[in-house]
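Here's the structure we're looking at; comments come further down.
Read-outs: derived from the displayed coordinates by stated rules, not from any lab. On a predicted model such as this, the values are computed, not experimentally measured, just so you know. Glycine also receives a Cβ, built like all others from the backbone with ideal geometry; neighbour counts cover every protein chain displayed.
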Protein chains: 2
Amino acid sequence: MKIAILSTVTAVALMATPLIQDAKNAGLLPIPADKKELNKLIDNPKNPITKEKVELGKKLFFDTRLSKSGLISCNTCHNLATGGVDGVSAAIGHKWTANPHHLNSPTVYNAVFFSSQFWDGRSPDVENQAQGPIQAAPEMAATPEHIVAVVTSMPAYVKEFKKAYGDKKITFELVADTIATFERTLVTPAPYDKFLAGNEKALSKTQQRGLKTFIDKGCTTCHTGIALGGEMQMFGVVAPYKYAHIGDFKGNKDGMVKVPTLRNITETAPYFHNGAVATLKEAIQEMGRIQLGVEITDKEAADIQAFFKSLDGKKPAITYPQLPACTDTTPKPDMN
Amino acid sequence: MKIAILSTVTAVALMATPLIQDAKNAGLLPIPADKKELNKLIDNPKNPITKEKVELGKKLFFDTRLSKSGLISCNTCHNLATGGVDGVSAAIGHKWTANPHHLNSPTVYNAVFFSSQFWDGRSPDVENQAQGPIQAAPEMAATPEHIVAVVTSMPAYVKEFKKAYGDKKITFELVADTIATFERTLVTPAPYDKFLAGNEKALSKTQQRGLKTFIDKGCTTCHTGIALGGEMQMFGVVAPYKYAHIGDFKGNKDGMVKVPTLRNITETAPYFHNGAVATLKEAIQEMGRIQLGVEITDKEAADIQAFFKSLDGKKPAITYPQLPACTDTTPKPDMN
């Protein structure tokens with residue numbers, strides 16, 4: 001009996017090992033379990049991650065007072081409680097304004113692994129990205145001067161900047177860099193990573209079948225690397241996107257669109273750049289149709305969806321910050 | 001030398017002790033340091049506090065999907081990062097609508113100690129209060145049916161309700177009760193409480209002078225009890241409020257207005273029911289003028305303001321929640 005069980009285990013192992021190899025051949029990479037290795041990947045040599053910067057960056061990330069109205073923080077659209085997104089099709093910002101291109105807020109979790117930021121990839125890294133929404137009129141609608149005035153009006157913030165950066169001047173760019181340093185730590189290792197690292201049992205049979213289908217259908221052409229996404233690709237290669245009429249986004253000047261990460265994808269509905277697709281099933285099948293020119297059956301989509309569950313990652317534990325109190329010189333909220 | 005130091009300490013103690021007695025005579029009460037005693041005070045016998053309810057209530061408190069738009073949570077207006085308030089004069093809710101009466105969001109910290117809730121005191125407790133903003137059109141704009149549909153669409157929530165309440169049916173009222181259970185735990189012991197409990201050194205000399213002035217001027221007529229507020233009182237007793245023209249709030253049917261707590265007051269600007277006063281100094285002096293008919297000098301106001309710093313409490317450590325993912329049956333956000 002013991003021998004029988006053992007040989008079953010061996011058989012499973014033998015069956016699953018090629019799948020890990022297939023995955024690696026398709027360019028799929030785990031989030032390294034080794035902390036040093038991971039830190040090398042997520043760090044910014046120009047502005048190395050330190051505990052002080054991360055703690056301060058977290059505060060700034062959650063601080064609604066950086067916005068013109070005093071009501072919108074980075075976390076409003078990139079809500080760390082809900083997969084790093086806001087769950088609405090087009091981001092809503094200052095004065096309840098929807099994103100003018102009807103663009104969906106991408107997740108901030110694992111964004112550090114993307115080769116570029118924003119749907120059109122116009123930003124090289126999270127430091128640069130963080131400067132965008134803070135200033136965008138339909139998002140946080142603040143000016144760099146407002147940001148510096150808010151932060152420097154609160155002695156507790158000034159003290160924390162000093163702790164993090166010494167005598168470096170507090171500028172808008174430094175605030176964005178600090179937020180980005182926090183964002184660099186928002187990585188979410190998942191059962192899938194254990195699987196890629198050699199633990200076949202980390203994925204159920206259905207999930208393994210889903211991963212195999214995912215690779216075989218060619219999904220890894222775009223959804224690859226650590227983030228299973230994050231690179232620029234053509235969109236609607238084989239057939240036009242069913243919901244292309246919603247919003248006016250056509251990609252960058254070459255028609256390229258950023259491939260969203262699939263990590264935590266079960267938490268980040270609705271899908272695609274215009275958030276027009278509500279369900280993963282439709283998203284998977286639409287991708288097969290317009291990107292790969294293949295039909296993905298309901299059964300195959302269900303398997304792939306099961307595989308996606310293995311990409312649900314463990315989020316870093318975040319203590320909700322206590323922010324410094326406003327002072328008499330803190331700029332007043334402006335609703336208009 | 002040793003003797004000299006000792007007698008100085010004794011002298012300070014002798015000087016300060018009457019102030020503690022004065023404070024007690026004025027009805028000022030500490031948040032009990034004893035956990036059992038505190039728990040008795042904050043508990044709801046009809047729905048006793050349990051770990052499971054508090055954890056679930058925290059999730060619901062932070063869950064934006066309870067709102068019609070999917071963008072507004074209890075925490076939006078009662079932000080636990082900023083003294084339990086939003087920092088704007090009138091609350092802003094669904095579709096960027098300001099509170100129609102220009103009412104300022106009161107803090108949720110220590111609200112459990114208030115004898116009634118809302119500025120007009122129309123609600124007896126936090127359980128009842130929690131039902132209001134969720135449904136109010138200019139706030140979260142949801143219906144009870146929406147709330148139940150959202151919560152029951154996510155198996156992880158259903159499981160947590162089962163853990164907290166067994167087979168009790170998930171109703172809108174139960175959701176509100178659960179949020180309230182979490183809110184009951186939001187108490188913030190401060191140096192002031194240590195002072196009232198007998199530790200004279202917990203307050204600086206300036207703060208003690210401020211407390212004495214606070215009592216002597218008569219502020220404790222209204223700002224008393226554990227919360228230094230939370231009861232109903234006439235507003236503008238001696239002279240009309242300078243900013244009465246902002247908004248149309250005139251109190252309850254008897255013209256009574258809820259006295260705001262002074263705990264964490266340094267963090268909850270702007271002040272008064274219509275949030276018309278930006279600074280504590282003006283708030284203190286305006287109170288003297290319209291409620292007590294006394295002039296509070298700049299020096300006295302500064303002392304009182306120093307005393308208020310001793311009311312800045314230690315907030316409960318809150319791990320930012322990871323919320324259950326939406327499912328295909330979760331009601332879709334509605335921006336209109």
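Structure notes:
- Net charge, A:Ser115 excluded, C-beta distance under 11 Å - Lys, Arg +1, Asp, Glu -1: -1
- Square roots of 5 times each gyration tensor eigenvalue, C-alpha, region B:259-336, largest first, Å: 40, 18, 8
- For region A:128-184: relative contact order, % (alpha-carbon pairs under 8 angstrom, 6 or more apart): 38 percent
- Percent of C-alpha pairs per 10 Å bin in chain B, short distances first: 5, 24, 31, 22, 11, 4, 1, 0.
- Per-residue average of Cβ from other chains inside 10 Å of B:93-105: 1
- Residues of region A:84-125 with amide N under 19 Å of the 7 Å Cα→Cβ point at A:Ala137: A:91-103
- Here each label is just a point 7 Å from Cα along the line to Cβ, and for A:Trp96 and A:His245 those points are 2.7 nm apart.
- Hz values of 3J(HN,Hα) by residue in region A:144-150 - Karplus curve (6.51, -1.76, 1.60), Gly and Pro given as x: x, 5, 4, 4, 5, 5, 4
- The GluC sites (Glu not before Pro) found in region B:255-336 that occupy coil by DSSP, while having at most 11 further C-beta atoms within 10 Å, are B:Glu295.
- Taking the inverse of the mean 1/r over every pair of distinct Cα atoms in the protein assembly as shown gives a Kirkwood hydrodynamic radius of 27.2 Å.
- Separation between Cα centres of region B:26-89 and region B:269-309, rounded to whole Å: 27 Å
- Pairs with C-alpha atoms separated by more than 26 Å, drawn from the list A:Lys314/B:Lys40; A:Lys95/B:Lys315; B:Lys59/B:Lys163; A:Lys51/A:Lys168; A:Lys314/B:Lys162; A:Lys36/A:Lys163, are A:Lys314/B:Lys40; A:Lys95/B:Lys315.
- Take each residue in B:305-317, count the other chain C-beta atoms within 10 Å of its C-beta, and the mean is 1.
- Counting from the shortest, the label point at A:Val294, 7 Å from Cα toward Cβ, is 8.2 nm from the same position in each remaining copy.
- Taking region A:192-220 and a reference point 7 angstrom along Cα→Cβ of A:Asn25, the backbone N atoms nearer than 15 Å belong to A:212-220.
- Among beta bridges that DSSP assigns inside the protein assembly as shown, antiparallel share in %, nearest 5: 90 percent
- Between the C-alpha center of region A:102-125 and that of region B:212-253 there is a gap of 50 Å.
- Cα-based convex hull volume of region A:39-184 per residue, rounded to whole Å³: 104 Å³
- Peptide packing: for A:151-158, A:106-113, B:130-137, the average count of neighbouring Cβ atoms within 10 Å per residue gives the ranking A:106-113, B:130-137, A:151-158, highest mean first.
- FRET efficiency estimate (nearest 0.05) - Cβ-Cβ, B:Asn47 to A:Asn252, R0 41 angstrom: 0.15
- Translational diffusion of region A:99-147, µm² s⁻¹ [Kirkwood Rh, Cα pairs; Stokes-Einstein; 10 °C; 1.306 mPa s]: 136 µm²/s
- For chain A: relative contact order, % (alpha-carbon pairs under 8 angstrom, 6 or more apart): 25 percent
- The mean number of partner chain beta-carbon atoms within 10 angstrom of a residue's beta-carbon across peptide A:81-87 is 6.
- Candidate aspartates and glutamates - alpha carbon under 15 Å from A:Lys201, same-chain residues fewer than 8 apart omitted: A:Asp193
- Of all beta bridges that DSSP places with both ends in chain B, some 90 percent have antiparallel geometry.
- Straight-distance candidates among the aspartates and glutamates for linking to B:Lys281, with alpha-carbon spacing under 15 Å and chain neighbours fewer than 8 residues away dropped: A:Asp328, B:Glu267, B:Glu295, B:Asp298, B:Glu300, B:Asp303.
- Percent RCO, i.e. relative contact order, over region B:221-336, from Cα pairs under 8 Å lying at least 6 residues apart: 25 percent
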